[in-house]
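Please treat every number below as a calculation from the coordinates, not as lab data. Since this is a predicted model, take the numbers as computed values, not measurements. Quick reminder, even Gly has a Cβ in these numbers, built from the backbone with ideal geometry, and neighbours come from all protein chains shown.
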């Protein structure tokens with residue numbers, strides 16, 4: 001399968017009340033080591049968010065997602081030392097289990113021809 005590449009992905013979730021374990025999907029992060037690809041896409045549906053998490057500060061959640069993207073992209077100016085790590089380490093750190101408002105699903109593997117296309121497809125399937 002020379003034209004197919006192993007990738008891993010996780011779904012980004014907003015968990016407004018961690019103790020209830022309820023969430024809405026807001027993004028996807030995908031890592032394809034053989035293509036040097038690590039990227040995430042996220043978008044918050046404000047109507048769904050408002051109905052689901054009235055008491056959660058949307059601006060704060062958007063800040064968390066922005067920081068997540070900055071680390072994912074390896075932006076060293078974001079102020080996080082994690083952003084300076086290699087892509088594999090950044091992906092593992094971003095997808096580590098945690099009890100916060102922004103969480104990721106378990107990591108899932110697959111094979112793809114184009115990681116960018118696969119990321120967009122997963123985003124539509126898992127978030128839209």
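Relative to the longest principal axis of the Cα atoms of the chain, helix 58-73 runs at roughly 10 degrees. In the distance distribution for segment 5-126, Cα-Cα pairs more than 21 Å apart total 37 percent. In percent, rounded to a whole number, the relative contact order of the chain is 37, using alpha-carbon pairs under 8 Å and six or more apart. For segment 84-128 versus segment 21-40, the inter-centroid distance based on Cα atoms is 2 Å. If r is the Cβ-Cβ distance from residue 100 to residue 3 and R0 is 35 Å, what FRET efficiency results, to the nearest 0.05? The formula returns an efficiency of 0.35 here.
Put in line by how crowded their Cβ is, counting other Cβ atoms within 10 Å and starting with the fewest, 97, 118 read 97, 118.
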